[in-house]
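Below: one structure, written as structure tokens.
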Amino acid sequence: MLVCMDVLPMFPLGASLLPGSPLPLQVFEPRYLAMLRDIAAGDGRFGVVLIERGFEVGGGDQRFSIGTVASVEQVSPMGDGRIGLLARGRERFEVVRWLEDDPYPRAEVRLLPTWSGMTSSPRSWRPRSASSGARSR
């Protein structure tokens, strides 16, 4: 497990992001447009966490403490001040501490081990093969 702490810009959403999954977004709030400028000037990474209670727009939400690092793959201006963004989920993280949402949410995070580093046996979660009595469709 990586013990190193990192501060990431955060994008709380009403949907979760898994490692390897694409994340298409339309960015229009001024605080997240500012975040995109900072991400572009940095390493292209930000964190995504699921909103536990509240809404995506306007702030004031409560957030879960486990999320996924996203890396920007494509940015496209869409008109009306909106930016189209395609990112992809990378590593999972745990929020150690939320920082002030000024001008956008940020958090100190700790990366979590990859699935291959988990202690449970893959046998406990893999589907049974047809030879073991499971039906195939």
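The values are calculated or read from the model by the stated rules, or taken from the named source; none is laboratory data. If you're wondering where the values come from, they're calculated on a predicted model, not measured in any experiment. Every residue, glycine among them, receives a Cβ derived from its backbone with ideal geometry; neighbour counts consider all protein chains shown.
Side notes on the structure shown:
- Restricting the stretch 63-105 to residues that are of a type in the set (Lys, Arg) and over 17 Å from residue 20 (Cβ atoms), the residue that is nearest to the chain's Cα centre (by Cα): 63
- Hey, residue 71 small (Gly, Ala, Ser), surrounded by 14 or more Cβ atoms within 10 Å (Cβ to Cβ) and modelled with pLDDT of 95 or more or not: yes
- Against the list (1) modelled with pLDDT of 95 or more; (2) on the phi < 0 side of the Ramachandran plot; (3) outside any strand (DSSP E or B), the condition residue 48 fails is (3).
- Matching residues, the stretch 18-57, being in contact (Cβ under 8 Å) with a residue 40 or more places away in the chain, within 22 Å of residue 110 (Cα to Cα) and either in contact with a Phe, Trp or Tyr (Cβ under 6 Å, 6 or more places away or on another chain) or β-branched (Val, Ile, Thr) (or both): 35, 46, 48, 49
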